[in-house]
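*Asks:* Please find one structure pasted underneath; my questions will follow.
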Amino acid sequence: MNHLFRVKMAKQKAEAFLRDEGLERLPVDPFAIAEDRGIVVQPKPDTADGVSGMLLRHGNVFGIMYATYVQSEGFQRFSVAHELGHYFLEGHVDHVLKDGVHESRAGFVSGDPFELEADAFAAGLLMPSGFFRRAIARRDPGLGIVYELSDDCRTSLTATAIRYAELTGDAVAVVVSTRGIIDYCILSEAMKTLPGLAFIRKGTDVPSGTATAAFASVPENVSAGAAVDEETLVRFWLGGTSNAKIREQTIGLGTYGKCLTVLSSGTIGQVEVEDEADEEDALVESWTPRLRR
Ligand SMILES: [Zn+2]
């Protein structure tokens, strides 16, 4: 099986699991799922730097530890759901638990297919596509949907925004930056249809003159979780030849110096987003960045 197919299957497996177990209500509780399988889940305050969670095995007894250095419910739930991915996905236990202990790293941009599959499983488990599609159909595009679904799913705003960009038929871009430098940018399928786009690269500056650049230049905005909501032109952010207007909504994510920006338009043009089975292209771009924060 090729890698993309396996990542896709991991997400589908999580959604199928929810259906089979009758767990189709939000928020999905990864702690309860673990408990139901007899897996002991414990916080681990003294994890090594960057370790988000661990899966352990002693004989037929499994345990999950999750890091607590990030005081975020979304981060911790995603970490536990990631370890459940290793537990449930075929071939994972044998591969990742060769030594009896597996350590997972948050934000570790890894080409390791097992890590990507476990992240995909966690995303499908905590953020089932059906709920996203219904919220998307109900509301205008933008950060409001992310707030609503983050609240419903109890997932971090960034993980929710990434899933939103993946599933929406509207033109949406999700940009995460740290102190004015781009961490990553994810475009929805409709946004990708704009002509001549210059894809925003990791490590480059947030485009100067944008509301986000001005916002991020004041550290207190970011640490206090302030927000801006303005209208701008899509080309100021993404280049290209379109003069279409977009909404630019940015919030400070607190103590990490990070900002989340959601660019959205209800008019640029919409695409029919296929079911997960046909989303291979989106998967390539969606599962490499940090998903937990
Ligand atoms: Zn892992």
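The values are calculated or read from the model by the stated rules, or taken from the named source; none is laboratory data. Keep in mind that this is a model prediction, so the values were computed, not measured. Methodologically, a virtual Cβ is constructed for each residue, glycine included, from the backbone with ideal geometry; neighbour enumeration extends over all protein chains shown. In case anyone asks, the SASA skips ligands and DNA or RNA and just uses the protein heavy atoms, side chains included. Shrake-Rupley method; radii C 1.70, N 1.55, O 1.52, S 1.80 Å.
*Asks:* So if we plug the beta-carbon distance of Tyr69 and Lys192 into 1/(1 + (r/R0)^6) with R0 = 35 Å, what FRET efficiency do we get, rounded to 0.05? List each step's numbers first, then the result.
*Replies:* Details: r = 36 Å, r/R0 = 1.02.
Step by step, r from the Cβ atoms, then E = 0.45.
*Asks:* Ok, one more. So, counting K/R as plus one and D/E as minus one, what does the shell of residues with Cβ under 13 Å around Ser242 add up to?
*Replies:* Overall, the nearby charge balance is +3.
*Asks:* So between Asp99 and Glu231, what do we pick up on full extension, going 0.36 nm a residue minus the alpha carbon distance?
*Replies:* Values: separation 132, 0.36 × 132 = 47.52 nm, distance 5.32 nm.
Net length gain for the segment: 42.2 nm.
*Asks:* Arrange the residues Tyr164, Tyr184 by how much accessible surface each exposes, largest first, with a 1.4 angstrom probe. Kindly include the intermediate steps, with their values, before the conclusion.
*Replies:* Working: Tyr164 0, Tyr184 30 Å².
Largest accessible area first, the list is Tyr184, Tyr164.
*Asks:* Suppose only helical runs count, i.e. DSSP H with n ≥ 4. What mean residue ellipticity at 222 nm does that imply for the chain under -39500 (n - 2.57) per run, divided by all residues and rounded to the nearest 500 deg cm²/dmol?
*Replies:* Details: 13 runs with 119 residues, N = 293.
Estimated from H runs of four or more residues: -11500 deg cm²/dmol.
*Asks:* Same structure again: Lys/Arg Cβ at +1, Asp/Glu Cβ at -1, dipole of the chain taken about the Cα centre: which of Val41, His95, Ala216 is farthest positive-ward?
*Replies:* Ala216
*Asks:* Using the Karplus curve 6.51 cos²θ - 1.76 cosθ + 1.60 with θ = phi - 60°, work out ³J(HN,Hα) for each residue of region 52-62 in order, rounded to whole Hz, and write x for Gly and Pro.
*Replies:* 9, x, 9, 10, 10, 9, 10, x, 9, 9, 10
*Asks:* Quick check: the angle from helix 3-20's long axis to the longest principal axis of the chain, C-alpha only, nearest 10 degrees?
*Replies:* 70
*Asks:* Let me ask something additional. For Ile162, what accessible area in Å² do you get when you roll a 1.4 Å probe over the heavy atoms of the protein chains, rounding to the nearest 10?
*Replies:* Result for Ile162: roughly 0 Å² accessible.
*Asks:* Once neighbouring chains are kept in place and the probe is 1.4 Å, which whole percent of the accessible area of region 1-81 is contributed by carbon and sulfur?
*Replies:* Working: 2130 of 4260 Å².
Taking all protein chains in place, region 1-81 shows 50 percent carbon and sulfur surface.
*Asks:* Probe of 1.4 angstrom, ligands and nucleic acids ignored: what's the accessible area per residue over the chain, in square angstrom?
*Replies:* Values: 13090 Å² over 293 residues.
Counting only protein heavy atoms, the per-residue value for the chain is 45 Å².
*Asks:* Rounded to the nearest 0.05, what FRET efficiency is calculated for Asn60 and Arg133 with R0 set to 45 Å and r the Cβ-Cβ distance? Intermediate values should be presented prior to the final figure.
*Replies:* Numbers: r = 39 Å, r/R0 = 0.86.
Approximately 0.70, to the nearest 0.05.
*Asks:* Can I ask one more? Any lysines with Cα under 16 Å of the Lys258 Cα? List them, leaving off those in the same chain fewer than 8 positions away.
*Replies:* Lys202
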